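Participant: Handing you a structure now.
A short reminder: the numbers here are calculations on the coordinates, not readings from a lab. The shown structure was predicted, so the numbers you read here are calculated from the model rather than taken from an experiment. Please note: Cβ atoms are built from the backbone with ideal geometry, for glycine as well, and neighbour counts cover all protein chains shown.
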Protein chains: 2
Amino acid sequence: MKETKINVSVYIATSLDGFIARPDGDVSWLHEVEPIEGGDDAGFGEFFGSVDVLVMGRGTFEKVLEFDWPYGAMPVIVLSRSLTEVPKKLRDRVRIEAPTPQVLLEKLSQEGFKRLYLDGGKVIQSFLREGLVDDMTLTTIPVLIGEGLPLFGRIDKDIKLRLLECRSWNNGFVQSKYQVLN
Amino acid sequence: MKETKINVSVYIATSLDGFIARPDGDVSWLHEVEPIEGGDDAGFGEFFGSVDVLVMGRGTFEKVLEFDWPYGAMPVIVLSRSLTEVPKKLRDRVRIEAPTPQVLLEKLSQEGFKRLYLDGGKVIQSFLREGLVDDMTLTTIPVLIGEGLPLFGRIDKDIKLRLLECRSWNNGFVQSKYQVLN
């Protein structure tokens with residue numbers, strides 16, 4: 001049962017068959033889809049503006065490092081037991097941690113953070129399994145890729161959700177926002 | 001490439017993590033969710049009224065036999081190489097076939113059928129792999145069940161889709177209708 005006050009939010013895109021990336025982590029298929037007309041960002045900017053800390057796994061971090069750093073000055077926690085060093089230019093905003101999800105949330109809550117953006121399949125799965133995710137905004141891309149890194153994984157018991165919002169765009173994106181009924 | 005004139009349509013529900021049933025075929029979790037208010041059937045009646053033949057795999061057929069036969073007088077084809085007998089009371093409307101998807105479609109097209117309702121995970125996967133599905137109406141149930149029989153499976157190449165319609169209900173069902181861009 002979650003007792004900390006920090007809100008944990010997921011905002012992520014998947015293929016219609018539920019993958020966040022191809023088996024090797026490739027996400028270029030996401031960008032092969034026609035973008036939404038008029039530069040609409042599917043609510044990402046608004047979401048990103050509502051969080052004050054980002055938590056991701058090592059895999060996601062290493063993927064993001066291949067591109068220009070997209071998160072500005074947002075504090076980022078990378079969950080990893082193997083990673084030891086953060087690239088120099090990111091040391092003022094990225095730190096590596098390896099606590100359990102529950103301990104991490106307590107710590108971040110004590111540090112005054114209010115809403116956490118949780119990113120990356122394995123990290124999302126581990127927080128979901130422990131009943132620590134509050135809401136998920138899922139954008140479904142109109143493509144089947146057949147195999148890859150799944151968003152969801154094994155859980156010990158069913159997790160029920162409440163649909164808060166659902167919208168779609170002309171390019172075929174469907175976005176559903178769920179409250180997780182932990 | 002599809003050359004027959006018969007339309008192949010999928011209408012199916014999945015958990016948010018993409019399963020159509022638990023590992024043992026159990027679908028009772030589908031019915032544990034609050035129904036849509038006012039007896040709305042999420043468009044199933046309208047869809048069922050638009051098809052003239054139903055094709056399913058052996059697994060689905062055996063599951064359906066556990067309940068009252070829900071398909072009235074609709075002609076049903078069960079795809080199976082192992083099944084030999086149809087229960088006596090269904091012999092006037094159910095037949096067992098084992099051709100390839102392409103050959104089946106040619107045959108049904110010659111018999112005058114216009115729109116086929118394709119049901120069951122493995123059968124849907126095999127038709128999708130061969131580029132033989134025209135449209136899919138997918139209803140996402142607001143629950144994660146963690147493991148089970150997946151709707152989608154391995155494919156040889158990406159399959160792009162066009163979103164035709166998207167709607168949601170107060171009980172959290174999200175229904176997306178896609179045209180398959182074969």
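Participant: As a test, work out the antiparallel percent of DSSP beta bridges whose residues both lie in region A:7-181, rounded to the nearest 5.
Facilitator: 40
Participant: Can you show me the helix-derived [θ] at 222 nm for chain A, built from DSSP H runs with n ≥ 4 at -39,500 (n - 2.57) apiece and divided by the number of residues, rounded to the nearest 500.
Facilitator: Only helices count here, giving -5500 deg cm²/dmol.
Participant: What trypsin sites (Lys or Arg not before Pro) does region A:1-64 have in DSSP loop regions with at most 14 other beta carbons within 10 Å?
Facilitator: Within region A:1-64, the qualifying trypsin sites (Lys or Arg not before Pro) (loop, at most 14 other Cβ atoms within 10 Å) are A:LYS5.
Participant: Here's a follow-up. When you look at the Cβ of every residue in B:131-143, what mean number of other chain Cβ atoms sits within 10 Å?
Facilitator: 2
Participant: Also, I was wondering about something else. For region B:7-181, what log10 I(q)/I(0) values come out of the Debye formula at q = 0.10, 0.11, 0.16 1/Å, with one point per alpha carbon and no solvent?
Facilitator: Listed by q, the Debye log ratios stand at -0.38, -0.47, -1.05.
Participant: Can you bin every Cα-Cα distance in region A:55-133 into 5 Å intervals starting at zero and give me the percent of pairs per bin, rounded to whole numbers?
Facilitator: Bins of 5 Å from zero give 3, 14, 28, 28, 18, 8, 1 percent of pairs.
Participant: Which Cβ of chain A lies nearest the axis of the rotation superposing A onto B, and at what whole-Å distance?
Facilitator: A:GLY18, 2
Participant: Taking just the alpha-carbon atoms of the protein assembly as shown, what radius of gyration and Dmax come out, in angstrom?
Facilitator: 22.5, 75
Participant: Label-to-label distances across copies for B:LYS114, with labels 7 Å out along Cα→Cβ, in nm, shortest first?
Facilitator: 5.8
Participant: Just counting partner chain Cβ atoms within 10 Å, what average do the residues of peptide A:15-23 show around their Cβ?
Facilitator: Whole-number average of other-chain Cβ neighbours for A:15-23 is 4.
Participant: Please list, by residue number, every one of the chymotrypsin sites (Phe, Trp or Tyr not before Pro) in region A:13-102 that is coil in DSSP and has at most 14 other beta-carbon atoms within 10 Å.
Facilitator: A:PHE67
Participant: Now for a different question. Just rank B:ARG129, B:ARG95, fewest to most, by other beta-carbon atoms within 10 angstrom.
Facilitator: B:ARG95, B:ARG129
Participant: Report D for region A:1-78 in µm² per second (integer): Stokes-Einstein, Kirkwood Rh on Cα pairs, 10 °C, 1.306 mPa s.
Facilitator: The diffusion coefficient I find is 107 µm²/s.
Participant: Using the crude model of +1 on Lys and Arg Cβ and -1 on Asp and Glu Cβ, and no other charge, please compute the dipole size for chain B relative to its Cα centre, in debye to 20.
Facilitator: With Lys and Arg at +1 and Asp and Glu at -1, about 720 debye.
Participant: Compute the label-point distances linking B:ARG167 to its equivalents in the other copies; points lie 7 Å from Cα along Cα→Cβ; give nm, one decimal, shortest first.
Facilitator: Reported distances to equivalent positions: 2.0 nm.
Participant: May I pose another question? Any lysines with Cα under 28 Å of the A:LYS63 Cα? List them, leaving off those in the same chain fewer than 8 positions away.
Facilitator: Within the straight-line cut-off, A:LYS63 pairs with A:LYS88, A:LYS89, A:LYS107, A:LYS114, A:LYS122, A:LYS177, B:LYS157, B:LYS160.
Participant: When you look at the Cβ of every residue in B:154-162, what mean number of other chain Cβ atoms sits within 10 Å?
Facilitator: For peptide B:154-162, the averaged partner shielding equals 5.
Participant: Mind giving me the FRET efficiency for B:SER80 and A:TRP69? R0 is 45 Å, r the Cβ-Cβ distance, nearest 0.05 is fine.
Facilitator: So, using R0 = 45 Å, E works out to roughly 0.25.
Participant: Ordered shortest first, which distances in nm separate the 7 Å Cα→C-beta label point of B:LEU90 from those of the other copies?
Facilitator: So the label point of B:LEU90 gives 5.5 nm to the other copies.
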